[in-house]
Amino acid sequence: MATPDQKSPNVLLQNLCCRILGRSEADVAQQFQFAVRVIGSNFAPTVERDEFLVAEKIKKELIRQRREADAALFSELHRKLHSQGVLKNKWSILYLLLNLSEDPRKQASKVTSYASLFAQALPRDAHSTPYYYARPQTLPLNYQDRSTQAQSSGSLGSSGISSIGMCGLSGPTPVQPFLPGQSHQAPGVGDGLRQQLGPRLAWTLTGNQPSSQTPTSKGFPNALSRNLTRSRREGDPGGTLEVTEAALVRDILYVFQGIDGKNIKMSSTENCYKVEAKANLNKSLRDTAVRLAELGWLHNKIRKYADQRSLDRSFGLVGQSFCAALHQELKEYYRLLSVLHSQLQLEDDQGVNLGLESSLTLRRLLVWTYDPKIRLKTLAALVDHCQGRKGGELASAVHAYTKTGDPYMKSLVQHILSLVSHPVLSFLYRWIYDGELEDTYHEFFVASDPTVKTDRLWHDKYTLRKSMIPSFITMDQSRKVLLIGKSINFLHQVCHDQTPTTKMIAVTKSAESPRDAADLFTDLENAFQGKIDAAYFETSKYLLDVLNKKYSLLEHMQAMRRYLLLGQGDFIRHLMDLLKPELVRPATTLYQHNLTGILETAVRATNAQFDSPEILKRLDVRLLEVSPGDTGWDVFSLDYHVDGPIATVFTRECMSHYLRVFNFLWRAKRMEYILTDIRKGHMCNAKLLRNMPEFSGVLHQCHILASEMVHFIHQMQYYITFEVLECSWDELWNRVQQAQDLDHIIAAHEAFLNTITSRCLLDSNSRVLLNQLRAVFDQIIELQNAQDVMYRAALEELQRRLQFEEKKKQREIEGQWGVTAAEEEEENKRIREFQDSIPKMCSQLRILTHFYQGVVQQFLVLLTTSSDESLQFLSFRLDFNEHYKAREPRLRVSLGSRGRRSSHT
C-alpha cells in the first residue's frame, strides 16, 4: 500500500489520537474511526446562533467584572449595530468578540472547558431575546468537583476522547457504536471507563449492572429525584402526592405564561400563585417555586392591562403606543420562554437526562429569570402608575420612572418612553410647523374650542390642558408651543395671510419614528429647546410685522392715546368750545349727527387733520344711556371703532376701560373749562361792578373760593396727566417695543389700562375716593351756577341804576326836574332790596365754601390713608399750605406714621 501523504488530514488525525492515548496505530483504530465521525459531523458552537443571546452573554460578563458603564455603552453600540442593514452576519461578529475577550490565563483548562461546553443540552434551533439573559451556558459547573476522585493522568477518563464521548451523548452522533466498542478491548476496560467517567455517565451505560447504581444515587440524589416517577410515596399513610422537581419545572414554565399547572395554581382569594397543599414538597422547593411563580403573576398583570386597553379606542394614540410597548416587551419575554420550553422538550425527547449540569432545575430557573423578573416588575409598576391616565399625562407618568440610578431599568423605561411620547411629539411638530391640531382623543396639551368665533380666536379658541403637559416639557416651552400654532392660525384666519409656513419658519426634521423621539430625549435642553425657540421667535416676529405694517397696530395705539385719553390738547379744547352750546341742553334733545358734524369741524380746524384717514374714519361720537336730569355733558363720549386683527388687542373689555377713563378725564377737563369761565367772569365783571361797592364782598368771596377750586383742579390735572397717563404710557410704549409676541403686547396693554384705571380712582377699591372727587366736581358746578345767578342779579341792578342816571340827565337837559320824589323813593327802595339780598348771597357763598372744604377735607383724609404713595403725595400738594391740616387732626400724622399704620392695618 502506498505511503499516504504525511500532511493529509487523516494522517494528522491518526497521529493526534496516538499522541493523546500514547498507543500504537493498531490500538487506536477504533478511537480514530470515532474521531473521523466527530470531525465530519454537524457540530455547531455551543452558543446558539442568536445575535441577542451573544450580546446578553457579553453584557453579563461585563457586569460580572463590575464594568456596568461598559455594559451600558455596549448596549447602546449593539443597538446601533442592530439598526445597520449593511451587515448580515452580526451574530458571527459578536461571537468572535466574545471569544476574543476570554481570559488567556484560562488556556490550561481548555480541554475541561470543552468537555463542559459539549455536555450542554440546549437545542441549536432555540431563540433568544435582546433583553433577557436565559442561557445555561453562563452557568458552567466544574465537573471534576462533582465527580469521583480521578485516576492517573494517563487514563482514558481524563483524555480528550472521553470528552468527545460525552459530546456524543448530547450531540447528533449516536452513542451506541462507542459504548459497545469498549467491550472489544481487554477485560475490565468497561469497568475502568465507568470508574474514569464517574457517576456522571455511569447511568448511561447498560442497565444490567445494578451494583453501579448505588454509588450513583449516593453521588446525585437530585438526579434520582428528578427521574424517579412514582405516583405515591411508598409507605406514606396519608397518600400525599410525591412531586418531582421535573414536574415542578414543567408547572413553572406554564405559570410563566399565566397558565395554571398541576401543582401550582392561581389563588383568587390571595391573588397569587400557590403550590397545592397536598403536594409533598420540602420547604426549599416550595419556597423556590413560589418565588418563581411571581413571574407569572407579573405577566398576568401586564398582559391584562395591555389587552384591555388595546381594545379601548378612547385610550388614544399615546395609550395605544404604551400598550404596543408592553406587547413588545412581552414578546421578548415569550422568546425566553420558548428557549426554556425547547430545552425541556429536548430532555423529554431523549428520554434521559443528558448532562445533569445543563438540565432545567428550579434553582437555575431562579437565576436565569432574575433579569426578566426585574424587567416585569418595572413594567408592572408602570402599569399601576399609569392607571386612569392618557395622553400627555400618561407620558409624564412613564417619564417619572426614568429618574433612577439603575442603568438597566432606566434604559428600559427610556425605550418605552420613546414609543409612548412619539404621538405627543408628532402632535407637537404638526402644530408648530403647520398649525394643525388633529387630537381626536384629547391627548395633546393644546386644546381647541371649535365654537369660538374668529374675533376671539387668539383669546379663547386655543388653551393649554395643564394636566396633559408631559413632565419633560416645561411650562415655558408649552406656552411657546401654544403661541406658535396660535400665531399660524391667527395669520391664516384673522389676518388672511396665506404665506406658507416654510417661509416663516425654517422647518427642521420632526420625530418621524420612535427612534427620532428617543434621540430627541437625549438632548431635551438643547436640540428640542432650540427647535421650539426658533419656531417661536420666527413665527412671532412675522406676526408682529404683519400687524404693524399691514394693520398699523402702533398707530392705532397712539390714536387711542391722543383722542380717548385727551392727549391731543388743541383738538380737545376746540371741541369743547364747539360743543358747549349743544351740551348744556338736556340730554334728550341731542342728536348724534349734529355732534358728529361738530366733531368733524374740530378735526379740520386743529392738528388732528394731519392724522391718517384710516384713523380719522374710526373716530366717532357716542351717546351714553340717558338718565333723568342729565345734560349733554353727562352723556357725551368719543368712540374709536376697531375691527379685524387689531380688535384682538383692543377688545371690548379694553374699549369699555377706555370709555370709563375718557368719561373721567372729560369730566375733569370740563371742571377746568368751568373754572376758566369763572375766572373770565371775575376779570370782566370786576370793572363793571366798581360802582357797586356794596357788592365787593360777594366778589371777594367768589374769588377766594374759585382760587381754591382752581388749585385743586390744577393739582388733580397734573397728577392725572403726568403721574398717571404719561408715566404709564411711556412704560407701555417701551414694553411694546420690546415685545417678542402678540401676548406680550396684549399683556402690556392690559397692564396699562389697569394701571390708569386704578390710579384714576376708577377701580372698585377706590370707589369712596371717586365719590368724594365727584362731590368736589359737583361743588364746582354749584359755584358756577351760584356765581351766574349773582352776576346776573348784580348786572341787572347795575343796568337799572345806569338807566336811572341816564333818564335823570336826559330830563335835566330838557329843562325839567331830573327825578320826582316818587321816582326817587322807588329807586331807593329797589336799591335797598338789592342791598338786602347781598347778605343772602354772602351766606350762600359761605355755605358753598363750607361744603366744598368739608368734601376736600374728607378727600384728603382718604388720600393720606391710601396704600398708593402717589396718592399720599397728592394730598401734600393739595394742602401745600396746611390750611386743611390745621382744621383736621387726622391730617396731622406724618407720612412715615401713616405708612406704618396702614401696613399694620
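Being of a type in the set (Lys, Arg) and either part of a helix (DSSP H, G or I) or modelled with pLDDT of 80 or more (or both) is the filter; apply it to region 42-65 and report the residue that is surrounded by the fewest Cβ atoms within 10 Å (Cβ to Cβ). Give the derivation first.
We begin by selecting, within region 42-65, every residue of a type in the set (Lys, Arg); these are 49, 57, 59-60, 64.
Subset that is either part of a helix (DSSP H, G or I) or modelled with pLDDT of 80 or more (or both): 57, 59-60, 64.
Working: 57: 21, 59: 21, 60: 15, 64: 10.
For region 42-65, the residue satisfying everything is 64.
Condition test on residue 673, is it surrounded by 14 or more Cβ atoms within 10 Å (Cβ to Cβ), aromatic (Phe, Trp, Tyr) and within 23 Å of residue 881 (Cβ to Cβ)?
On the way: surrounded by 14 or more Cβ atoms within 10 Å (Cβ to Cβ): yes; aromatic (Phe, Trp, Tyr): yes; within 23 Å of residue 881 (Cβ to Cβ): no.
It is false that residue 673 is surrounded by 14 or more Cβ atoms within 10 Å (Cβ to Cβ), aromatic (Phe, Trp, Tyr) and within 23 Å of residue 881 (Cβ to Cβ).
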In region 797-827, which residues are open to solvent by 90 Å² or more (accessible area, probe 1.4 Å) and under 30 Å from residue 705 (Cβ atoms)?
799, 800, 802
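Are any residues in region 260-306 part of a loop (DSSP other than H, G, I, E, B) and open to solvent by 70 Å² or more (accessible area, probe 1.4 Å), and if so, which ones? Outline the logic, then answer.
Here is the first cut: in region 260-306, the residues part of a loop (DSSP other than H, G, I, E, B) are 260-263, 268-271, 276-278, 281-282.
Those that are part of a loop (DSSP other than H, G, I, E, B) and open to solvent by 70 Å² or more (accessible area, probe 1.4 Å): 260, 262, 268, 269, 270, 271, 277, 278, 282.
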With (1) under 45 Å from the mean Cα position of the chain (by Cα); (2) open to solvent by 70 Å² or more (accessible area, probe 1.4 Å); (3) among the aromatic types (Phe, Trp, Tyr) as the list, and residue 752 as the residue in question, which single condition is left unmet?
(2)
Within region 682-709, work out how many residues are open to solvent by less than 40 Å² (accessible area, probe 1.4 Å), more than 12 Å from residue 846 (Cα to Cα) and part of a helix (DSSP H, G or I).
7
Filter region 712-749 down to the residues that are under 30 Å from residue 779 (Cβ atoms) and open to solvent by 50 Å² or more (accessible area, probe 1.4 Å) and list them by number.
714, 718, 722, 726, 727
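Tell me the residue from 830, 792, 877 that is among the basic types (Lys, Arg), part of a helix (DSSP H, G or I), surrounded by fewer than 17 Cβ atoms within 10 Å (Cβ to Cβ) and under 58 Å from the mean Cα position of the chain (by Cα), please.
On the way: 830 fails: under 58 Å from the mean Cα position of the chain (by Cα); 792 fails: under 58 Å from the mean Cα position of the chain (by Cα).
Step by step, each of 830, 792, 877 is checked, and only 877 is among the basic types (Lys, Arg), part of a helix (DSSP H, G or I), surrounded by fewer than 17 Cβ atoms within 10 Å (Cβ to Cβ) and under 58 Å from the mean Cα position of the chain (by Cα).
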Quick one: what pairs do we get from region 442-454, first residue farther than 15 Å from residue 431 by Cβ, second among the β-branched types (Val, Ile, Thr) and surrounded by 14 or more Cβ atoms within 10 Å (Cβ to Cβ), C-beta under 7 Å, 6+ apart or different chains?
454/494
Would you check which residues across region 508-562 are touching a Ser or Thr at 6+ places or on another chain (Cβ under 8 Å) and modelled with pLDDT of 90 or more and list them?
534, 539, 540, 542, 543, 552, 555
Inspect region 472-482 for any residue being open to solvent by 50 Å² or more (accessible area, probe 1.4 Å), under 23 Å from residue 395 (Cα atoms), of a type in the set (Val, Ile, Thr) and at pLDDT 80 or above and give the result as yes or no.
yes
Taking the conditions exactly as written (among the hydroxyl-bearing types (Ser, Thr, Tyr), modelled with pLDDT under 85 and within 25 Å of residue 339 (Cβ to Cβ)), does residue 92 satisfy them or not?
yes
Taking region 318-345 and keeping residues farther than 17 Å from residue 302 by Cα and out of contact with any Asp or Glu (no Cβ under 9 Å at 6 or more places or on another chain) leaves 338, 340, 341, 343, 344, 345
Specify the residue that is farthest from residue 791 (Cα to Cα); the eligible residues are those in region 858-868 that are assigned to a helix (DSSP H, G or I) and open to solvent by 30 Å² or more (accessible area, probe 1.4 Å).
862
Scan region 245-259 residue by residue and report those that are in a loop (DSSP other than H, G, I, E, B) and closer than 15 Å to residue 336 by Cα.
257, 258
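Any idea which residue in region 387-401 is surrounded by the fewest Cβ atoms within 10 Å (Cβ to Cβ), counting only those that are of a type outside the set (Ser, Thr, Tyr) and outside any helix (DSSP H, G or I)?
Our first condition is that a residue be of a type outside the set (Ser, Thr, Tyr); within region 387-401, this holds for 387-395, 397-400.
Narrowing further to those that are outside any helix (DSSP H, G or I): 387-390.
On the way: 387: 9, 388: 7, 389: 19, 390: 22.
The qualifying residue surrounded by the fewest Cβ atoms within 10 Å (Cβ to Cβ) is 388.
Conditions tested, residue by residue: (1) assigned to a helix (DSSP H, G or I); (2) touching a Phe, Trp or Tyr at 6+ places or on another chain (Cβ under 7 Å); (3) assigned by the TED database to the domain that holds residue 504; (4) farther than 30 Å from residue 495 by Cα.
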| residue | (1), (2), (3), (4) |
| --- | --- |
| 545 | yes, no, no, no |
| 597 | yes, no, no, yes |
| 604 | yes, no, no, yes |
| 608 | yes, yes, no, no |
Return the pair list, or none, for Cβ contacts closer than 6 Å from residues in region 1-16 that are within 19 Å of residue 30 (Cβ to Cβ) to residues that are modelled with pLDDT under 60, at least 6 apart or on different chains.
11/4
Tell me which of these residue 412 doesn't satisfy, since it passes every other one: (1) hydrophobic (A, V, I, L, M, F, W, C); (2) under 24 Å from residue 322 (Cβ atoms); (3) open to solvent by 60 Å² or more (accessible area, probe 1.4 Å).
(3)
Being among the basic types (Lys, Arg) and either assigned by the TED database to the domain that holds residue 416 or over 30 Å from residue 428 (Cβ atoms) (or both) is the filter here; which residues of region 318-350 pass it?
335
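What about residue 769, is it under 16 Å from residue 712 (Cα atoms), of a type outside the set (S, T, N, Q) and in a helix (DSSP H, G or I)?
Working: under 16 Å from residue 712 (Cα atoms): yes; of a type outside the set (S, T, N, Q): yes; in a helix (DSSP H, G or I): yes.
Yes: the conditions hold for residue 769.
The values are calculated or read from the model by the stated rules, or taken from the named source; none is laboratory data. Remember, it's a predicted structure, so these values are computed and weren't measured experimentally. Reconstructed Cβ throughout: ideal geometry from the backbone, glycine too, with neighbour counts over all protein chains shown. When the accessible area is computed, the model is the full protein with side chains, heavy atoms only, and any ligands, DNA or RNA have been set aside. Shrake-Rupley method; radii C 1.70, N 1.55, O 1.52, S 1.80 Å.
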